[in-house]
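What follows is calculated from the coordinates using simple rules that are stated; it is not laboratory data. Because the structure is a prediction, the values reported are computed rather than measured. Glycine also receives a Cβ, built like all others from the backbone with ideal geometry; neighbour counts cover every protein chain displayed.
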Amino acid sequence: MSLFDPAAPVAAKTHSHAAYRYPVGLEGQPALVTGANSGIGRAVALGLAASGADVIVNYIVDPVAAEEVAHTIETAGRRAMAIKADVSNEYDIKSMFARAVAYYGTLHIVVPNAGLQRDAPIDEMTLEQWKAVIDVNLTGQFLCAREATREFKRRGVVSAVSAAAGKLVMMSSVHQEIPWAGHANYAASKGGIMQLMRSLAQELAPFAIRVNAVAPGAVRTPINRPAWDTPEAYRDLMTLIPYKRIGEPEDIARAVAWLASDASDYVTGATLFVDGGMTLYPGFATGG
């Protein structure tokens, strides 16, 4: 049975890929997206390119997939380069940003998207599981934000290109708000991203650097496949989502592209929830 079988008890709303539209106006604004070889990161990289940006495609595993994303961007007429870097490693991040700036001359948009889960009940969670998630999901975003800020401040505002000196769009989750039993490390990392983003937005606004976050709900990606890959799981998931469809990676990409554009120039320190209304039910504990 298809997940979108019209005979299923809960009908799933879907949008065709052709229905997605992206903001324009990111020409001349090179972007860097971490974890861009799959899932949400891949969609964000392609969405920014569709909006006019050249893109650095970061990855840590599956170089073939990363090169495929870069090739797709180049085929569409933008420049792209895939760079392997562990976002939890300070040396790797410094090296990646140096290569990106050398290649494009600067960066205007940075999307620290890379993330992972290592789930366990708290009494069974190892320190290694805790640290793996915090190091990638939270420390990785700190390291990327620090290097991005250094480049944005160095260059300053180029008004012919963008009203802001730089745009940092951090990837959070509905679990910055919704607790998630059995996933304490993941929820803690996303709660940390919320306050990291808000603190940076307050600190960097005087430099015309905008910092915001996107918080996905349930999105059709491999990281949460058990929540949507059977008709039964999908029907259960729909009880948590008022809008009655799962999110697609392109939903997140469009939100990121808007936050990276001058259309959102007076927006900073905001978390944009892209969740079909999931956070309207804060007692539930499933999401992206």
Tell me, rounded to the nearest percent, the portion of alpha carbon pairs in the chain spaced more than 34 Å apart. 17
Projected label distance in nm at Asp119 and Lys244, using a 7 Å step from Cα toward the beta-carbon: 2.7
Once you order the gyration tensor axes a ≥ b ≥ c over the Cα atoms, which shape class does segment 142-211 get: rounded for a/c under 1.5, otherwise prolate or oblate by comparing a/b with b/c? prolate
May I ask for the distance between the Cα centers of segment 167-212 and segment 107-161, given as a whole number of Å? 10
